[in-house]
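Peer 1: Dropping the structure in here first, questions after.
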Amino acid sequence: MAGPRGGNPGGGGAFAGGGLGHDATIFGPEMAGPAKIALIRETGATCHVVPGAYAHAMEAAQAFEATSGAMQVHAYDAPATVAGQGTLAAEWEDQGLEADTVVVAVGGGGLIAGAMAWLGNRRKVVAVEPATSCALNAALEAGTPVDVDVSGIAANALGARKIGQICFTLARETGVHSITVTDAEIAAAQLHLWRQMRQLVEPAGAAALAAVMGGAYIPARNERVAVLVCGANPAPDPLA
């Protein structure tokens with residue numbers, strides 16, 4: 001099994017491969033940072049650190065697949081990956097989710113695609129991206145997935161060069177509300193989560209909250225909003 005992944009997706013893929021008795025080879029970009037790379041290696045999987053961004057890790061994974069015969073497990077643009085991500089939304093509802101709207105951060109689109117697939121039009125879904133890494137927002141404006149520049153404090157998690165086709169299709173079908181936030185807004189939300197709730201998250205994990213705190217998304221009167229906090233791999237590791 002091979003795949004371009006970083007952080008939780010990489011660790012999850014490596015853990016699943018090991019649990020099923022398969023060798024897992026993970027290609028992670030150098031920009032993912034030491035905390036995420038360590039998480040992958042702790043599973044016992046082979047982890048190749050590729051210079052550059054996630055797009056470069058993808059190219060290396062595809063080259064490995066072609067020469068080794070390994071099965072490619074895409075980090076965000078494969079039906080099984082999206083279905084797995086969608087279980088989060090299902091469990092959220094099972095736990096008693098009381099919200100008209102859910103706010104979710106977007107990188108390559110696997111997590112929010114799973115949420116959109118499960119929720120359909122039963123709840124409004126708001127997609128949040130950094131203004132400096134906004135593949136979904138750019139695709140919706142262009143009418144098709146397009147390459148975007150990737151930078152900013154959350155790029156090591158929300159740094160896809162192009163949105164996944166599955167996410168793009170679902171976003172158009174469901175009419176997802178796409179917005180962007182600044183690095184300063186993300187940093188403020190990250191700090192708020194630590195100081196007020198003692199939740200230590202990476203910038204990507206705070207991006208969805210940044211949209212609500214910074215005013216990029218303003219709920220209607222009496223609108224019930226739930227924010228998904230995802231990504232617990234700040235760099236550098238504060239407890240290392």
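Computed from the coordinates by the stated procedures, all read-outs in this text should not be read as laboratory data. Computed from a predicted structure; not experimentally measured. Methodologically, a virtual Cβ is constructed for each residue, glycine included, from the backbone with ideal geometry; neighbour enumeration extends over all protein chains shown.
Peer 1: Work through the residues other than Thr132 whose Cβ is under 13 Å from its Cβ and net out their charges, Lys, Arg +1 and Asp, Glu -1. Write out the running numbers ahead of the final one.
Peer 2: On the way: positive: Arg161; negative: Glu129, Asp149, Asp183, Glu185.
Taking every Cβ under 13 Å from that of Thr132, the sum is -3.
Peer 1: Among rounded, prolate and oblate, which fits the range 2-68 when a ≥ b ≥ c are the square roots of the eigenvalues of its C-alpha gyration tensor, a/c under 1.5 means rounded, and a/b larger than b/c means prolate?
Peer 2: Details: a/c = 2.24, a/b = 1.13, b/c = 1.98.
Oblate, because a/c is 1.5 or more while a/b does not exceed b/c.
Peer 1: For Ala184 and Ala80, FRET efficiency with R0 = 25 Å and r from the beta-carbon atoms, rounded to 0.05? Before the final figure, lay out each step's value.
Peer 2: Working: r = 37 Å, r/R0 = 1.48.
So the FRET efficiency works out to roughly 0.10.
Peer 1: State the volume of the convex hull built on the alpha-carbon positions of the range 79-227, expressed per residue in Å³ and rounded to an integer. Could the numbers behind the result be given before it?
Peer 2: On the way: hull volume 16.0 nm³, N = 149.
Here the figure is 107 Å³ per residue.
Peer 1: Then there is this: Could you compute the FRET efficiency for Glu59 and Glu223, with r as their C-beta to C-beta distance and R0 at 51 Å, rounded to 0.05? The partial results should precede the final answer.
Peer 2: On the way: r = 42 Å, r/R0 = 0.83.
So, using R0 = 51 Å, E works out to roughly 0.75.
Peer 1: Amide H neighbours of Ile26 under 5 Å, at least 5 residues apart or on other chains, H built in the peptide plane: list them.
Peer 2: Residues meeting the amide H criterion: Thr46, Cys47, His48.
Peer 1: Here is a further query. Treating the angle as unsigned and between 0 and 90°, give the value, to the nearest 10°, between the Cα long axis of helix 54-68 and the longest Cα principal axis of the chain.
Peer 2: 40 degrees
Peer 1: Helix 183-197 versus the longest principal axis of the chain: what is the Cα-based angle in degrees, 0 to 90, to the nearest 10?
Peer 2: Roughly 80 degrees, rounded to the nearest 10.
Peer 1: Helix 110-119 against the longest principal axis of the chain: what's the angle in degrees, Cα atoms only, rounded to the nearest 10?
Peer 2: Compared with the principal axis, the helix lies near 50 degrees.
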